[in-house]
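Each value in this text was obtained by applying a stated rule to the coordinates, not by laboratory testing. Note that the structure is a prediction, hence the values are computed from the model and not measured. Glycine also receives a Cβ, built like all others from the backbone with ideal geometry; neighbour counts cover every protein chain displayed.
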Amino acid sequence: MNKGFWKHRRYIFLLFLLSFFILAPLIVLYTAGYRYNITTGTVLRTGILSAASTPKGAAVFIDNIPAGETPLIVKTIIPGVHIIKIEAENYLPWQKNIRIESRQTAFVTPNLLKNSPRETTFASSSENILSISETSKAIYQNTETHTVSLFDLVNKKTTVLIEGSDISEETENIQIVWSLNNDIALITLFTSESKNYNLFYTDTGIPYSLPALKDAEPILSAWFETGRADSLHFLKEDGLWEYKLSTKELALIGPSSVKQSMWMGNDLFVLQNAGDFVSAGFLKGEATSILAYLPQITNGQYTIIPAPGNRILITESTQNTISLINPQNTTNPLELQTKGMLPSFEPGGDRILYTDGFEIFLYTPYGNNRETLTRISRPITQLLWHPNHDWILFGTDTELNALETFTTHGDRTSFPIAKGVLLKTIMQKDKKSLILLDHEDGINTVDLIEL
């Protein structure tokens with residue numbers, strides 16, 4: 001053989017040897033989970049995703065790329081935030097931004113929510129749901145039959161409360177207030193010239209006879225007191241009266257300048273007219289220990305709500321404002337005053353959710369910190385905490401959505417979980433939460449999604 005042949009073989013051998021020493025380490029690194037990140041120009045050790053779901057066999061997508069079906073383990077994911085989506089037929093899709101760490105395993109184990117909610121066979125196009133209690137009772141108006149009725153969402157029983165001449169086309173508005181224990185409902189019928197107050201037992205629908213309502217002197221306003229379970233407050237020209245439902249005792253407790261009131265222990269917290277302002281403070285005899293002044297709003301509809309940490313939340317529904325007062329803060333009792341509505345307290349915590357209609361805010365009294373969680377283009381109609389405090393639920397006029405409250409990777413995860421207008425969530429006796437949705441075919445109930 002000539003020298004050229006051996007020379008070529010030597011070159012081929014050296015090229016093979018060089019390729020081996022270059023490719024072999026790369027193959028070893030690749031199988032060990034190392035990847036070259038083109039974006040950063042660095043070599044990274046990949047992370048692992050473990051995905052399981054109920055039901056099994058759901059499709060898994062990583063950054064919208066199919067990855068397989070659950071249960072699934074993907075061992076070669078470049079570290080960083082990835083969009084993980086899990087889908088199954090007849091179930092709503094689940095989606096979340098998941099941070100994958102180098103040499104660590106991230107677990108996702110969602111329970112998927114069925115796409116078709118269970119119908120409670122209630123409501124039609126002619127019926128207007130006025131209010132739903134915490135004990136699964138709904139009060140609604142039928143505009144065709146001119147009736148106001150009570151519907152038991154559990155037993156599916158309807159009781160007509162108001163009918164005939166008691167409700168007419170002149171009725172402009174109907175307001176429902178539930179007692180603290182939800183066992184009595186106060187129904188107020190508003191016309192252009194008068195207010196008509198009605199009380200009913202919510203278990204039976206039987207009217208509750210209240211002597212004060214039959215008095216010749218008209219009642220200017222009435223409300224169930226939120227600090228005591230059996231206390232009804234109503235305002236007349238001669239002052240503020242309290243009627244105790246359990247003992248049937250009637251007592252004059254304040255002046256006629258009071259707009260709203262609430263007991264805090266043995267102290268009566270009141271909102272009073274004070275010229276261009278509304279004063280907020282504790283009534284002591286004929287004087288008031290004022291904590292703060294709020295703007296006076298014409299025809300303002302104020303509500304006083306006990307807040308965590310012995311604070312007091314005041315809402316005004318005409319111009320949608322909320323104020324948070326801390327009586328223990330002698331320097332600045334008015335901790336929050338802002339445009340807002342639909343306040344929701346964190347279960348077992350002190351944080352407060354609220355919205356201005358398009359943005360959702362999370363307020364933490366400790367540190368006086370307000371954080372904007374998200375902004376959407378459609379009006380927000382309902383807002384509440386999920387039992388998992390890292391999530392909230394918010395409703396629009398078309399769907400119910402879930403949103404993260406805590407995130408370590410920038411953008412919060414948000415996704416729709418049901419179609420329909422969110423009405424209320426109710427904690428059942430078996431501690432299962434149900435979401436009530438006003439759908440095009442009536443009120444539907446669906447199991448609260450686990451997040």
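Just a few scattered comments:
- Gained length - LEU44 relative to ILE305, 0.36 nm times residue gap less alpha-carbon distance: 88.6 nm
- As a rough footprinting exposure proxy, the listed residues SER317, SER377 were ranked by other beta carbons within 10 Å of their own, and the order from fewest upward is SER377, SER317.
- The slack in the chain from ASN182 to ASN196, taken as 0.36 nm per residue of separation less the alpha-carbon distance, amounts to 3.0 nm.
- Between THR331 and ASP267, the distance separating the two model label sites (each 7 Å from Cα on the Cα→Cβ line) works out to 1.9 nm.
- Summarising the amide proton neighbourhood of ALA307: residues at separation of 5 or more, or on other chains, whose placed amide H is nearer than 5 Å comprise ILE312, LEU313.
- Amide proton proximity set for THR226, modelled H, under 5 Å, gap of 5+: TRP263
- For the peptides 153-161, 178-186, residues were scored by their other Cβ atoms within 10 Å and the scores averaged per peptide; the highest-first order is 178-186, 153-161.
- Theoretical gain in end-to-end length, GLU172 to ASP397 [0.36 nm per residue, Cα-Cα removed]: 78.7 nm
- For the set LYS236/LYS284; LYS157/LYS244; LYS137/LYS236; LYS156/LYS259; LYS75/LYS96, the pairs lying more than 27 angstrom apart at their alpha carbons are LYS157/LYS244; LYS137/LYS236; LYS156/LYS259.
- The listed peptides 339-348, 367-376, ordered by packing as a protection proxy, come out as 339-348, 367-376 (highest mean of other Cβ atoms within 10 Å first).
- For the range 195-301, the equivalent ellipsoid derived from the alpha-carbon gyration tensor has semi-axes of 25, 16, 13 Å in decreasing order.
- The simple Förster model, with R0 at 41 Å and r as the Cβ-Cβ distance, assigns THR372 and ILE73 a FRET efficiency of 0.65.
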